[in-house]
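Values quoted throughout were computed directly from the atomic coordinates according to the rules given, and no laboratory measurement underlies them. Worth saying up front: this structure is predicted, and the values here are computed from it rather than measured. Neighbour counts run over all protein chains shown; Cβ positions are idealised from the backbone, glycine included.
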Amino acid sequence: MAAGLATGLRRRAALAALGLGLCLEAGSAEAARLLAMKGSQPDRYGRIALTFDAPVSVKAKLLGTVLVLSYGERVQAGSERLAAEMPAFVATVRRDPDGSGLRLALQKPYRLNVQEAGEQVFVDLLPEGWSGLPPPLPPDVVADLAKRVQRAEAALKAATPAPVRKALAVEVAHLPNLTRLAIRLPPGNATSAEPAGAATRIRVAGPWRIEAAEIRGRTKPAVASVAAEEEEGGASLLVTPGDGYLLTTERDDDGLTIDLIPRTPAPRPSATPPPVAEPAPAGEKAAEARTATPEAVRAESRTEAPAQEKRAVPPAPEPRAPGNGLVFTFRQTPPAALFERAGIATLVFETDEPVASADAERLGVKLLGEPKRTGGVVSLSFAVPAGRLIDLLPVGPARGPGGGSS
């Protein structure tokens with residue numbers, strides 16, 4: 001009795017397993033379904049269009065005049081009317097018993113061209129003498145593929161967070177003959193410059209953010225306006241030169257340099273000496289001396305003496321008054337430049353004289369170390385006070401005692 005009961009349980013388990021296997025096989029068979037199979041005979045070639053409910057890889061192979069289409073997996077049967085739809089190319093159609101492909105008897109040998117487009121597969125039968133490009137996909141299929149690509153790109157963009165933009169500081173330097181804007185960039189970072197009306201748009205590729213607010217008001221009169229913009233794939237700086245200035249750009253390993261140069265340089269003093277009056281001959285001078293009366297000689301000497309004194313004293317130049325910043329005193333005003341980056345200002349003087357400012361502590365300016373000398377150039381750095389704009393201006397006559405005010 002117990003043995004019979006055990007045998008019955010084993011039979012039920014075997015039937016249950018068989019039923020489960022049949023269900024799994026039916027589920028796998030439903031993985032793909034051939035929804036439509038259509039044939040057409042356009043000019044000079046035949047086309048077989050297969051439509052599935054999911055993307056299926058189809059392989060085509062010619063064995064003489066027999067075309068074998070393999071799906072790579074079991075596909076449920078669909079409509080098979082190719083022989084009636086394209087009689088000039090197909091004689092008969094037979095489906096493989098396992099549902100993994102088709103076999104078509106052709107009227108004669110052809111060349112094959114297979115194109116997959118999503119859930120659709122197009123098999124073209126081309127004459128053996130076909131030349132040129134293969135037939136294209138239908139326009140509606142191409143349009144549908146383009147829409148799918150756009151949707152996939154939008155989904156990928158939505159799933160991928162935008163990179164965090166890094167700040168790019170703009171440095172300003174006022175040189176004797178130009179105003180320079182500098183942006184430090186990694187080597188190989190792509191940049192471009194193109195005209196935008198009266199302005200020039202400088203583009204920097206990559207996740208950057210150009211900080212141009214700190215230089216506004218410090219670039220006059222060379223720059224009329226400057227604006228920073230963020231765009232897809234990079235950032236841009238829109239620079240409008242001032243009246244009479246020309247903008248040029250240069251890219252090197254350290255970054256991007258923007259120079260604003262006056263179109264008409266300052267007039268230089270003429271190298272030609274003024275004409276000198278030729279002295280009168282000695283005979284004429286003696287004759288004038290003999291004919292001149294003593295009263296006339298005394299009157300002429302009285303009128304010439306004040307004129308000579310007036311010409312001998314040149315007008316004194318009006319010295320510039322220093323601002324309420326740092327003042328550096330020199331025997332002769334040297335070439336100088338000022339750079340600022342990330343709140344640190346650097347002053348550079350080309351001079352052999354010592355560089356020092358006694359006003360630093362009084363004004364609350366914190367010098368970052370002692371001045372550094374490299375050959376004939378001296379540099380010093382200090383922290384820019386919060387909320388302050390700095391600039392470099394000469395104080396006093398250019399060739400006399402003077403200095404620089406910061």
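Multiply the residue gap between residue 377 and residue 154 by 0.36 nm, knock off their C-alpha separation, and tell me the result in nm, one decimal place.
On the way: separation 223, 0.36 × 223 = 80.28 nm, distance 5.59 nm.
Here the answer is 74.7 nm.
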Rounded to whole angstroms and listed largest first, the alpha-carbon spread of the range 166-262 along its three principal axes comes to 33, 26, 23
Taking a straight Cα-to-Cα line shorter than 22 Å from residue 166, and setting aside same-chain lysines fewer than 8 residues away, one finds 157
Per the Kirkwood formula over distinct C-alpha pairs, the hydrodynamic radius of the range 86-152 in angstrom is 14.4 Å
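Given a Förster radius of 60 Å and the C-beta distance between residue 81 and residue 203 as r, what FRET efficiency does 1/(1 + (r/R0)^6) yield to the nearest 0.05? Before the final figure, lay out each step's value.
Details: r = 58 Å, r/R0 = 0.97.
Efficiency computed from Cβ-Cβ geometry: 0.55.
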Residue separation between residue 164 and residue 225 times 0.36 nm, minus their alpha-carbon distance, gives in nm 19.2 nm
Pseudo-spin-label distance residue 211 to residue 331, built 7 Å along Cα→Cβ, given in nm, is 4.2 nm
Of 202-209, 56-63, ordering from highest average Cβ density within 10 Å down gives 202-209, 56-63
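Treating only the Cβ of Lys, Arg, Asp and Glu as charged (+1, +1, -1, -1), what charge dipole size does the range 166-262 show about its Cα centre? Round to the nearest 20 debye.
220 debye
If R0 is 56 Å, what FRET efficiency do you get for residue 103 and residue 177 from their C-beta distance, rounded to 0.05? Kindly include the intermediate steps, with their values, before the conclusion.
Numbers: r = 85 Å, r/R0 = 1.52.
Efficiency for this residue pair is about 0.10.
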HN-Hα couplings for the range 194-202 via Karplus (6.51, -1.76, 1.60; θ = phi - 60°), in whole Hz with x for Gly/Pro, come out as 9, x, 9, x, 7, 9, 10, 9, 9
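In debye, nearest 20, what is the charge dipole magnitude of the range 34-156 about its Cα centre with +1 on Lys and Arg Cβ and -1 on Asp and Glu Cβ, if you could check?
Charge dipole, the range 34-156, about its Cα centre: 260 debye, nearest 20.
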Inter-part gap, Cα centre of the range 96-139 to Cα centre of the range 174-212, in whole angstrom, is 55 Å
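Given a Förster distance of 22 Å, report the FRET efficiency between residue 344 and residue 251 from their Cβ-Cβ distance, rounded to the nearest 0.05. Don't skip to the end; give the middle numbers.
Values: r = 24 Å, r/R0 = 1.10.
The formula returns an efficiency of 0.35 here.
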In Å, the Kirkwood estimate of hydrodynamic radius for the range 34-156 over Cα pairs equals 15.3 Å
